[in-house]
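The values are calculated or read from the model by the stated rules, or taken from the named source; none is laboratory data. Because the structure is predicted, anything quoted here is derived from the model rather than measured. Cβ placement follows ideal geometry from the backbone for every residue including glycine, while neighbour counts extend to all protein chains displayed.
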Amino acid sequence: MVKANDFKSVDKKPPIVCFAGSDWWYHNRGLYVAQIMPRLAKHNKVLFINSLGMRVPSIKTDRFALHKIFRKIYSFAHFLRKDHQSGMYVMSPVTLPLWGNKLGRLFNTYSILLQLKLAMFLLRINDPVYYIGCPPALEIVKKLGQKRFMIYERTDLFEEMQGVDKPYIHYLDEELVRLSNLVLYVDVIMYNEGVKKNPNSLLTGHGVDYSLFANADKSDYVPADIANIPRPIIGYYGDIFEGVFDFDLLEYLATSMPDMSFVLIGPLSSNVDRLKKYKNIYLLEQKPYEELPHYAKAFNVSILPRKKNEWVLHSYPVKIKEYLALGNPFVSVDIPAVSLFGNVVYIAGDYNDFVSSIRKALAENPAMKQVRRESVVNETWDGKVKQIESFIAEELQKRCETNIRGSAK
């Protein structure tokens, strides 16, 4: 819990209230907001608010619904704590899964508003920058005064998420793009559409913790549960969720290449029983973020077997640049995000092409490893944060000058 001596630090830069689209206590630390906020927390007081949620888990259709509900209750139990490793204050506001109707939204909005005001009072946060990565947060921020400074992290096509109220989330998204002082994009298609609505838009792309991934093979350490898997290893890490992961493609690969091992690392967010019949598919489940490079360096080929739906086509998987920093051969389905790296990625047009691309990748010139790394060496998260910090500083300086001129009249 928050302690009295947590309040002794002197803030050099404006505080930040971040409405994250993820939960700090159990989601992937490689996500955009989870990489950006700890870096901003080095110089700013940051209140990281765990995801308010946009979907209601269905016990009828989602076999993991109860697990998700209990996981959320566990997060609520933390309420407000300082995460000493990141330096952030993390809040898990108590909400109800009622965003799908007006009465529920009204209840959640005022409930979260009261909890947030209490947290801001305890942490002595005044006139913060509001960083929004979860569209329903707009309902709360609009009630916090007219002088608000908003940054919208538009890293996904939120209205295309499964289980959300599409018209409502689309409305919030449009309002956030229009009202925000800065809109952050990782996808060039979304950026090209959004910058027409708000010129204060920044196309950053995802970053990469370059040294963590590029230096992994300097260590002899390989986790025990992947060390003895027969090679060659064709590997993937990330959420194994039927909404984005192409199970049919993976089964096709496992059948077409029985001499190869297919290793999947990540949370099993969908039913994976259909994969368990294959002796050359290994499900290692989720691993700590810091461990991922040591697993992935054991891949002979990294793969991105994604479905090509609207959500995926407008997404920019963080793992693209992480795979490239590792340097290993990388085969992907044809989506816009990987086309930017077409000279260092094997892009497959169909299932047969995916098979032949893996075989080409296994036989490639070893010199390509360094070429891949060089393609992302300047794409670090630290660099992305400097871009964001520079914009905030410039905009706050403009506000200050405007206020001074107004006072002088």
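Would you be able to tell me the number of residues in the range 1-25 that are under 18 Å from Gly266 (Cα atoms) and either modelled with pLDDT of 85 or more or surrounded by fewer than 14 Cβ atoms within 10 Å (Cβ to Cβ) (or both)?
3
With respect to the conditions (1) more than 20 Å from His314 (Cβ to Cβ); (2) outside any helix (DSSP H, G or I), Phe354 lacks only one, and its number is (2). Selection within the range 286-303: residues that are touching a helix residue (DSSP H, G or I) at 6+ places or on another chain (Cβ under 7 Å) and not in a helix (DSSP H, G or I). The member of this set that is farthest from Leu31 (Cα to Cα) is Asn300. Taking Val344, is it assigned to a loop (DSSP other than H, G, I, E, B) and in contact (Cβ under 8 Å) with a residue 24 or more places away in the chain? Criteria met by Val344. Of everything in the range 125-182, what is in contact (Cβ under 8 Å) with a residue 40 or more places away in the chain, of a type in the set (Val, Ile, Thr) and either farther than 22 Å from Ile388 by Cα or in a helix (DSSP H, G or I) (or both)? Give them in sequence order. Residues satisfying the conditions are Ile140, Val141, Val164, Ile169. Taken over the range 362-404, the residue count meeting the criterion of being over 16 Å from His43 (Cα atoms), of a type outside the set (Asp, Glu) and assigned to a helix (DSSP H, G or I) is 16.
Checked against the criterion of being in contact (Cβ under 8 Å) with a residue 24 or more places away in the chain and either in the same structural domain as Leu31 (by TED's automatic domain parsing) or in contact with a Leu (Cβ under 6 Å, 6 or more places away or on another chain) (or both), the candidates Pro305, Pro336, Pro329 yield just one match: Pro305.
Only a single criterion out of (1) touching a strand residue (DSSP E or B) at 6+ places or on another chain (Cβ under 7 Å); (2) within 23 Å of Glu291 (Cβ to Cβ); (3) aromatic (Phe, Trp, Tyr) is not satisfied by Tyr191, namely (2).
For (1) free of Cβ contacts under 8 Å to residues at least 60 places away in the same chain; (2) on the phi < 0 side of the Ramachandran plot; (3) buried (at least 22 other Cβ atoms within 10 Å of the Cβ), each residue gets a yes or a no:
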residue: Ala254; (1), (2), (3): yes, yes, no
residue: Phe262; (1), (2), (3): yes, yes, yes
residue: Asp273; (1), (2), (3): yes, yes, no
residue: Leu292; (1), (2), (3): no, yes, yes
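Each residue in the range 28-43 was checked for being farther than 16 Å from Glu322 by Cβ and not aliphatic (A, V, I, L, M), and 4 pass.
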